[in-house]
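A.B. asks: Sharing a structure below in structure tokens format, with a few things to ask.
The values are calculated or read from the model by the stated rules, or taken from the named source; none is laboratory data. Values in this document were obtained by computation on a predicted structure and should not be read as measured data. All Cβ positions, even for glycine, are placed from backbone atoms using ideal geometry, and neighbour counts span all protein chains on display.
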Amino acid sequence: MKQMRILVAFVTLAIILGSCNNFATGWMSASSASNEVLVIIDEEEWLEPHGRAVFDVLNSPMPGMPQREANFKILQIDPKNFTSTFKMARNIIVVDVSSDYVNTKMSSESNKFASGQVVLTFKAPDKEALETYLQDNEQRIVDYLVTRELERTAEWLKKESATPKTRIKNHFGFTIDYPKGITNITEDDNFFWATNNSAESRQDVVIYSVPYTSQTIFEKDSLIAIRNRVLGNHIKGAMDSQMTTSTIFPAEYRRVEIDGIFRAELRGLWEMTTDMMGGPFVSQAFVNENTGRVIFIDVYVYAPEKKKRSLIRNLEASFYTINIPNDEEA
């Protein structure tokens, strides 16, 4: 019964997304839902410790969320049922345990059965070795799959977004694509705010800039202070409330490089100072060397009593569309 439900879901998606096929090459586009992973493993093994280790990796909590949400939705099928329909899934994990292998390894393939697809294969000499490998490399595996999801969503945003690119480029000297429907715009000096104004699934994008002073501006406390000051001044709520960064669950901080641009990133929860509103946010800051200013991009979601994983990740994919023109283009 479970296999039938999964099959029906995939067939439905294949029909709906049929228009996405690449007719020039005859290569079909991967057609399962975003943030969904199909695991190819025997039913009995799925219930064993190494199978549970695969589940635990994918079911690990997404960071910076107000309620627990798993990083991925998980579907499992037996290898003998891995037919052509299932091969259209966008994220596939294959578990291969055999005494033929000496060491445990993970390999990845892109576009193996369909365009826009990722296939991860875990090869291990025994079940215990695979379980240990998965436990030791959980964050690496999650980061890889999440990054690929964001990259694919970014490619879609570049084609489908309705972002006012010229407007943003003239003000801040770079371009970005964010999801459709975020059309209510407020602007001020060095400040741009777009929202869909939805009462149930609100998505907002905020862009602002400050002069570059030194590298200390990219330290965690500095980023939080600037965020609280700028957003607190511009984003107001009821009862004189202002947007701020929640301190109940401290924001996570990391430094990353995307498309050759160094970014300092915050991920956590926002809230209004005297109002019962809040939700997840992700913020990135980087230098636009053409203007000598630090650009801040803040994306956040307000969706009370709703799942927020897809909402925030669709916004986060915008970070992968950022383009700073070279000197001649600028």
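A.B. asks: May I ask you to say which residue of THR104, THR121, THR132 is in contact with a Ser or Thr (Cβ under 9 Å, 6 or more places away or on another chain), over 28 Å from GLU69 (Cβ atoms) and β-branched (Val, Ile, Thr)?
C.D. replies: Criteria check complete, one pass: THR104.
A.B. asks: Let me ask you something else. Which ones in the stretch 154-204 are in a helix (DSSP H, G or I) and more than 30 Å from LYS306 (Cα to Cα)?
C.D. replies: Listed by number, the residues that qualify are LYS165, THR166, ARG167, ILE168, LYS169, ASN170, HIS171, PHE172.
A.B. asks: How many residues, within the stretch 201-213, are touching a residue at least 40 places away in the same chain (Cβ under 8 Å) and either exposed (fewer than 13 other Cβ atoms within 10 Å of the Cβ) or polar (S, T, N, Q) (or both)?
C.D. replies: 4
A.B. asks: May I pose another question? Checking ILE248 against (1) closer than 18 Å to MET277 by Cα; (2) β-branched (Val, Ile, Thr); (3) surrounded by 15 or more Cβ atoms within 10 Å (Cβ to Cβ), which single condition isn't satisfied?
C.D. replies: (3)
A.B. asks: I need the full set of residues from the stretch 33-52 which are more than 19 Å from LYS73 (Cβ to Cβ), in contact (Cβ under 8 Å) with a residue 24 or more places away in the chain and surrounded by fewer than 17 Cβ atoms within 10 Å (Cβ to Cβ), in order please.
C.D. replies: Listed by number, the residues that qualify are ASP42, GLU48, PRO49.
A.B. asks: Is it the case that LEU130 is outside any strand (DSSP E or B) and surrounded by 14 or more Cβ atoms within 10 Å (Cβ to Cβ)?
C.D. replies: Yes.
A.B. asks: Which condition does LYS87 not pass, out of (1) touching a residue at least 40 places away in the same chain (Cβ under 8 Å); (2) assigned to a helix (DSSP H, G or I), if it passes all the others?
C.D. replies: Against the list (1) touching a residue at least 40 places away in the same chain (Cβ under 8 Å); (2) assigned to a helix (DSSP H, G or I), LYS87 comes up short only on (1).
A.B. asks: Give the stretch 289-321 a look and list any residue that's at pLDDT below 95 and of a type in the set (Asp, Glu), or say none.
C.D. replies: GLU289, GLU305
A.B. asks: Oh, and also: Restricting the search to the stretch 95-138, which residues are small (Gly, Ala, Ser) and on the phi < 0 side of the Ramachandran plot?
C.D. replies: SER98, SER99, SER107, SER108, SER110, ALA114, SER115, ALA124, ALA129, listed by residue number.
A.B. asks: Take SER198 and decide whether it is surrounded by 12 or more Cβ atoms within 10 Å (Cβ to Cβ) and under 16 Å from ARG263 (Cα atoms).
C.D. replies: The answer is no for SER198.
A.B. asks: Which is part of a loop (DSSP other than H, G, I, E, B) and either surrounded by 14 or more Cβ atoms within 10 Å (Cβ to Cβ) or touching a helix residue (DSSP H, G or I) at 6+ places or on another chain (Cβ under 7 Å) (or both), of PHE122, PHE55, PHE113?
C.D. replies: Among PHE122, PHE55, PHE113, only PHE113 is part of a loop (DSSP other than H, G, I, E, B) and either surrounded by 14 or more Cβ atoms within 10 Å (Cβ to Cβ) or touching a helix residue (DSSP H, G or I) at 6+ places or on another chain (Cβ under 7 Å) (or both).
A.B. asks: Now, a different point. Would you mind stating whether ASN111 is at pLDDT 95 or above and of a type outside the set (Ser, Thr, Tyr)?
C.D. replies: no
A.B. asks: Among the residues of the stretch 176-194, how many are buried (at least 19 other Cβ atoms within 10 Å of the Cβ) and either under 19 Å from the mean Cα position of the chain (by Cα) or touching a residue at least 60 places away in the same chain (Cβ under 8 Å) (or both)?
C.D. replies: Result for the stretch 176-194: 5.
A.B. asks: One residue is enough: does the stretch 214-237 have a residue meeting the conditions surrounded by fewer than 20 Cβ atoms within 10 Å (Cβ to Cβ), assigned to a strand (DSSP E or B), in contact (Cβ under 8 Å) with a residue 24 or more places away in the chain and not small (Gly, Ala, Ser)?
C.D. replies: no
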